[in-house]
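Take a look at the structure set out below.
The values are calculated or read from the model by the stated rules, or taken from the named source; none is laboratory data. Quantities reported herein were computed from a predicted structural model and do not represent experimental measurements. Here Cβ is always computed from backbone atoms with ideal geometry, including for glycine, and neighbour counts include all displayed protein chains. For the accessible areas, the whole protein counts, side chains as well, though only heavy atoms, and no ligand, DNA or RNA atoms are used. Shrake-Rupley method; radii C 1.70, N 1.55, O 1.52, S 1.80 Å.
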Amino acid sequence: RAGRATLGASLVLRAHPAELRFPSLAGDITQKGYEKKRSKLIGAYLPQPPRVDQALPQERRAPVTPSSASRYHRRRSSGSRDERYRSDVHTEAVQAALAKHKERKMAVPMPSKRRSLVVQTSMDAYTPPDTSSGSEDEGSVQGDSQGTPTSSQGSINMEHWISQAIHGSTTSTTSSSSTQSGGSGAAHRLADVMAQTHIENHSAPPDVTTYTSEHSIQVERPQGSTGSRTAPKYGNAELMETGDGVPVSSRVSAKIQQLVNTLKRPKRPPLREFFVDDFEELLEVQQPDPNQPKPEGAQMLAMRGEQLGVVTNWPPSLEAALQRWGTISPKAPCLTTMDTNGKPLYILTYGKLWTRSMKVAYSILHKLGTKQEPMVRPGDRVALVFPNNDPAAFMAAFYGCLLAEVVPVPIEVPLTRKDAGSQQIGFLLGSCGVTVALTSDACHKGLPKSPTGEIPQFKGWPKLLWFVTESKHLSKPPRDWFPHIKDANNDTAYIEYKTCKDGSVLGVTVTRTALLTHCQALTQACGYTEAETIVNVLDFKKDVGLWHGILTSVMNMMHVISIPYSLMKVNPLSWIQKVCQYKAKVACVKSRDMHWALVAHRDQRDINLSSLRMLIVADGANPWSISSCDAFLNVFQSKGLRQEVICPCASSPEALTVAIRRPTDDSNQPPGRGVLSMHGLTYGVIRVDSEEKLSVLTVQDVGLVMPGAIMCSVKPDGVPQLCRTDEIGELCVCAVATGTSYYGLSGMTKNTFEVFPMTSSGAPISEYPFIRTGLLGFVGPGGLVFVVGKMDGLMVVSGRRHNADDIVATALAVEPMKFVYRGRIAVFSVTVLHDERIVIVAEQRPDSTEEDSFQWMSRVLQAIDSIHQVGVYCLALVPANTLPKTPLGGIHLSETKQLFLEGSLHPCNVLMCPHTCVTNLPKPRQKQPEIGPASVMVGNLVSGKRIAQASGRDLGQIEDNDQARKFLFLSEVLQWRAQTTPDHVLYTLLNCRGAIANSLTCVQLHKRAEKIAVMLMERGHLQDGDHVALVYPPGIDLIAAFYGCLYAGCVPITVRPPHPQNIATTLPTVKMIVEVSRSACLMTTQLICKLLRSREAAAAVDVRTWPLILDTDDLPKKRPAQICKPCNPDTLAYLDFSVSTTGMLAGVKMSHAATSAFCRSIKLQCELYPSREVAICLDPYCGLGFVLWCLCSVYSGHQSILIPPSELETNPALWLLAVSQYKVRDTFCSYSVMELCTKGLGSQTESLKARGLDLSRVRTCVVVAEERPRIALTQSFSKLFKDLGLHPRAVSTSFGCRVNLAICLQGTSGPDPTTVYVDMRALRHDRVRLVERGSPHSLPLMESGKILPGVRIIIANPETKGPLGDSHLGEIWVHSAHNASGYFTIYGDESLQSDHFNSRLSFGDTQTIWARTGYLGFLRRTELTDANGERHDALYVVGALDEAMELRGMRYHPIDIETSVIRAHKSVTECAVFTWTNLLVVVVELDGSEQEALDLVPLVTNVVLEEHYLIVGVVVVVDIGVIPINSRGEKQRMHLRDGFLADQLDPIYVAYNM
């Protein structure tokens, strides 16, 4: 157990003084001091000696030493504000759940982070955010619950439960540093299981699936291994040793091992059934659990509220009420506003309100626009833009609109041009046709202005006329003008805005009748009487604050004391002081206001709340508000507060007030409560829970249905069917006093405002429509309404419903004060792979260390898993104050989600858990037995399909006047050309400026080769058949040296010279090739000669073991006695060495016969003659590049214009300018060259055109490659240079590999290359399924050029070696005269590879000998015709077998995953993937600031899940240029893997997905 419990934090061995700040050890940063600190810091997470566990079964709490207590009090004074929404019961439940988990603690590997990133996140420069941020409607949880146990358990004093909350964390963190297991910190070195396996044998990583946890071996980590290495060294496993040569595995592989071990823990049972994703690769769908709770109650009955009793003196409309009070009691106070010191700023009387509203009404109707064309007419909509501290101006404007019969649309003040939600508000204004905005003087001055003083148009807003409604700006209405006061009718009175879950803003229209009826219903329910005083802390522009503090108050001539948000920030007790001061009867608050009052009340003596008869809790519908209510009552009961005064209410923008608890005089009747099982709730079932106290939700009633309303609850999705009595549903209301529509949106209105609930038999329960309230709940015993959550906060994860608020409450119960700000946490779900996934984002305190936060995150995961039985997909911590805010300071949820999804949230910590959450992946594939020889094989059909075979033109049949065919050997062809056309130029080499640096005629090449041959024989004393390494830069010397070797009878091997700036990594490869090829001599230039013996070289390799080095800059003057002529065409002509993408160095043998056949095949395919010119921009060291550079011109006689690709780095246009200048028709390049041109010349096409660049003569531009064609690159290249005359059909690719250096090459004749789209999912199952372009999961594949003359191809099954049918995926096998004749190896280990060069089919044509390319592909017969009139067979290369990754039983090609990842975020420039111990590792290069690194982790994980059904194990974010690329532009994924495991990449961030 102890081995398993090692927590991930112990794996981070970085000396970051910022994180290791221990006062006792300050300044001691030696290795030993560091070890001491480390053991102290990380000791908390190390396994404990068992005796401690037995000794302290429950009470594992740190003793409250004076120091810790005083430290705590000090912190309290500043931070205790955040003690919000704490239900103590819930906290205890969470702690208990975590204690259970502690037995099997998750060993979460901590992410590695680059130093600069860590410093950035823990700077103290942050201003701590507004802890007041509390909850707006879409802000954080509204459950600011400072819980004490429910009141039935009696009151417990505050101190006691606070100290319990702090010290009661039943986890090992507090108690462990004292019980460290003795000895130095070095004893707890990495539990590095990989250290036994030397990293060189990557061949068999341990299998994740079948490995039990008994094997976790603890290994000492050798001291030297933490030493830093500077240059990133790739590959070569010998680099993974410490100074004394001990092979060591790095901390990376240790973390991976730890991740593997964690992932092997038993997960939730996988799901059983599937749903078809239009293909056999099926995603699992959730089957209902047979034991899940089901509702068993009877069908509910609709609940009717009491009769709305119309009192005779109720006014006929709200304007009539205002007129009455304004004229008969003009001196009665209507509204008192406060300044930020809590002093009364202004008292608005009913008389002033009446006259001022009249002025506003008159001015709106008559003073805007002209007499003939007034801007505003009755019925038009007008925006009201007033700040939260000016209710008086708002009230006058609102009633002014009512009097003028225009429709007010109250909105928030836009603070900047790009406010979080203001764009959507603009959309609402536009759709309401608003052209005028009323505002106050102060607000108008504060709006952002353009330099000319204009108010700019806000993003997404219509053009508005801003009109200030202060008295001095208004004209007095003439005596004869009087507003038209009617009885309430069905015209729209006002529009209240509502923000949806996705951030869009809708306007709910409320008619004048509904407005009046709502005020009447509230008056009756709350028992309002004339001249009562009411204290309002809520936003007066909407919701409860508007309904009580602006509307109902006027109907009843009440006096409202309005407390602005800014005052609450300064003095959280202000509302209580005002209640005392004004002896207020009613107060409207949110639970956060009660919470702040609790925190701040300690120093207040003279508080008396006995005047309150009603304390309306506006967010009573949030189930977590109960704990604030309880705690508040608990503390203030002694100050005259009675229990029955607390009246939670439930409201929604659509249904207005849904329910409210009535104030009673009977203190004996306790309010209703329910303790519900959280597990039951996830299935929408009400189960009262008693035994299992861990996962319960305690809810309080929100009172009874409103007077005059009917309520029922319906199933939240599908047909609105009535719920059963024990079922949770969406509450629906039928009443006059509700909204009537979403302005201008009839479809959405129908779904919300016109619902007809049905009984189980399908009959509607009423002829009147009901309105969906957006609240989830039930009607309990006695008609009490209970709300358990909001539809907006609902997240349905694999069939179970979770509420965002509940998840927040659990996260915050995990001792959060130290790490995150309480009000600043957002929970939402994102859809990934057909299910919702839960994401938690919180703001982190600047002073918490990496380890602390990470520790907190892993415990939040455990708590949520225990209490809600649901996995969290992603948990992200962002720096303080960085989440988007709503106007009142809550978190803007939809904006946060948007930032998360587009990768611009910039978190400083991320923990993804896809392995634990994603349970609907397709089943791993079981391999099917293949068709054997017994299957019917008739003629050329296999299982009913044409056998997939194809061939180029037959070399024997082609009659051409090819003079060179007379000669068996290239050396003879050169001698013949030197005699017959001595002055014909064969080669022209260009320098970086495009000028001719050097050229060779036939005779010059011949003479130079002769001198080199003499040198080899005389100075080198070489025998016939000796091997010579040619280490030259791309150019003419290389060609001469090659023919010199042939003349001397030696075997040349071309080797890329070491890079002078990077000798340490490039020279070992040179040395290796020279040794493996058994070269007896090394020829090179004088410059490189010096380099090979330099001091830098000596540091990289043993320079004493070089063979004889000959410098060809100084050649002998004489001719050889004779030119060697090989005796047999099958003897070796040259060796071709290349490093494959998997890091294998392989040399193949090319015989003289194969070399001549190769040249002839290319000559015929490309129609090369002495009169032609060909431009070549390729590396001349291996494969087709070497053949084109050195051999083809000698064979065919054409002139080759040579352009070294390295010159393009200084002059990217060099190649294309040369092509244009020499009017070349055929050119060859590599992908790296093409990419350089696309990136480097993208913006310069116009200036190149001006310089006369013309590509219209180019007939073929062939990319020489050994991979699947990069269709995106070739297409963007074609598009980019189309304007310069490049024909789109000219660009094509070739295909070659080790066994045959060129199988396909587009050539001049024959049809254009075709492109097909295949289903990527079928491809993983080794099947080809052609689909339409643009269909989901489609992958474009381009044909790899035409098959060369003399080449035959067949597609075979790589396992059974049987032939496959047309359009089936298999290994490409090739038979041709220019196949290589075998691998050249020293080790005599040829049996292993022998079948690469001579394989036979297991059935069918079993005679032909084939070479296996190691590439998967398929052949497809097209409708096109070849040059010889046959139907054309196209070859499509899919990818190399040894690069392909087997995951979940399917075959994945890295390039497909990489393409998806590169598309995931704009800052990902390059990506490489590989597997290690069955984990998928994704390395991405970040082009952006390091702060963006963590944004990539969720996006990369999402895209790979969505598109490939794979879970990423590790995401590594690195700098640009870290992914190694070889000369052909191919990624060296295995080198990268070795570098990663050896810890040499210096990554910005490494995330280990759980």
(request) Multiply the residue separation of GLU1359 and GLU296 by 0.36 nm, subtract the distance between their alpha-carbon atoms, and state the gained length in nm to one decimal. (result) 377.0 nm
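Taking the mean number of other Cβ atoms within 10 Å as a proxy for protection, how do you rank 323-334, 1327-1338, 776-787, 1205-1216 from highest to lowest?
Taking the mean over residues of other Cβ atoms within 10 Å, the ranking is 776-787, 1205-1216, 323-334, 1327-1338.
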(request) Could I have the simple spin-label model distance between VAL1003 and ARG1078, label points 7 Å from Cα toward Cβ, reported in nm to one decimal? (result) 4.1
(message) Could you tell me which residue out of MET1445, ILE1511, ILE1455 lies farthest along the dipole of segment 1400-1524 toward its positive end? Charges go on the beta carbon: Lys and Arg +1, Asp and Glu -1, centred on the Cα centre.
(response) MET1445
(message) Could you report segment 1465-1554's accessible area per residue, 1.4 Å probe, as an integer in Å²?
(response) 21
(message) Just to check I understand the Karplus step: with θ = phi - 60° and J = 6.51 cos²θ - 1.76 cosθ + 1.60, what whole-Hz values come out for segment 1512-1525, glycine and proline as x?
(response) 6, x, 9, 10, 10, 9, 10, 6, 5, x, 7, 6, x, 10
(message) As an exercise, use a Förster radius of 56 Å and the Cβ-Cβ distance of HIS1059 and ARG1400 to find the FRET efficiency, rounded to the nearest 0.05.
(response) 0.80
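Restricting to DSSP loop positions (anything but H, G, I, E, B) with no more than 14 other Cβ atoms inside 10 Å of their own Cβ, which GluC sites (Glu not before Pro) remain in segment 1413-1519?
Answer in residue order: GLU1430.
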(request) Given a cut-off of 30 Å, name the pairs among LYS1071/LYS1531; LYS750/LYS897; LYS541/LYS583; LYS294/LYS885; LYS923/LYS1346 whose C-alpha atoms lie farther apart than that in the structure shown. (result) LYS294/LYS885; LYS923/LYS1346
(message) If amide hydrogens are placed 1.01 Å from N in the peptide plane, which non-local residues have theirs closer than 5 Å to the one on PHE1384?
(response) GLY1147, VAL1148, LYS1149
(request) Multiply the residue separation of GLN581 and ASP717 by 0.36 nm, subtract the distance between their alpha-carbon atoms, and state the gained length in nm to one decimal. (result) 44.0 nm
(message) Using each residue's phi in segment 1399-1412, evaluate 6.51 cos²θ - 1.76 cosθ + 1.60 at θ = phi - 60° and report the 3J(HN,Hα) Karplus result to the nearest Hz, with x for Gly and Pro.
(response) 9, 10, 5, 7, 8, x, 7, 8, 8, 4, 9, 10, 9, 8
(message) Under 5 Å between amide hydrogens, which residues at least 5 positions from ALA621 or on another chain qualify, with H placed 1.01 Å from N in the peptide plane?
(response) CYS649, SER651
(request) Amide H neighbours of ARG1225 under 5 Å, at least 5 residues apart or on other chains, H built in the peptide plane: list them. (result) GLU1173
(message) Suppose the chain between LYS569 and ASP289 were pulled fully straight at 0.36 nm per residue; how much longer would it get relative to their current alpha carbon spacing?
(response) 95.9 nm
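Between ALA442 and VAL675, what FRET efficiency follows from the Cβ-Cβ distance if R0 is 56 Å, with the result rounded to 0.05?
Working: r = 49 Å, r/R0 = 0.88.
The calculated FRET efficiency here is 0.70.
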(request) Could you work out how far apart the two model spin labels at GLU1506 and ASP1546 are, taking each label as a point 7 Å from the Cα in the direction of the beta carbon, and quote it in nm? (result) 3.4
(request) Might you tell me the accessible area per residue for segment 1105-1224, computed with a 1.4 Å probe and given in Å²? (result) 33
(request) Sticking with the crude label model, points 7 Å out along Cα→Cβ, report the distance from GLN1491 to THR1459 in nm, one decimal please. (result) 3.5
(message) Please give me, ordered by residue number, the GluC sites (Glu not before Pro) of segment 425-525 that lie in loop per DSSP and have at most 13 other Cβ atoms within 10 Å.
(response) GLU454
(request) For segment 730-848, give the share of DSSP beta bridges that are antiparallel, in percent and rounded to the nearest 5; count only bridges with both residues there. (result) 100
(request) Using a/c under 1.5 as the rounded threshold, could you call segment 706-752 rounded, prolate or oblate? The axes a ≥ b ≥ c are square roots of the C-alpha gyration tensor eigenvalues, and prolate needs a/b larger than b/c, oblate otherwise. (result) oblate
(request) Write out the trypsin sites (Lys or Arg not before Pro) in segment 1091-1143 meeting two conditions: DSSP loop, and at most 13 other Cβ atoms within 10 Å of their Cβ. (result) ARG1093, LYS1117, LYS1118
(request) Could you run the Karplus curve 6.51 cos²θ - 1.76 cosθ + 1.60 with θ = phi - 60° over segment 1488-1498 and give me ³J(HN,Hα) per residue in whole Hz, x for Gly and Pro? (result) x, 6, 4, 5, 7, 3, 6, 4, 6, 4, x
(message) Suppose R0 equals 56 Å. What FRET efficiency, 1/(1 + (r/R0)^6) with r the Cβ-Cβ distance, do ARG377 and ARG1333 give to the nearest 0.05?
(response) 0.55
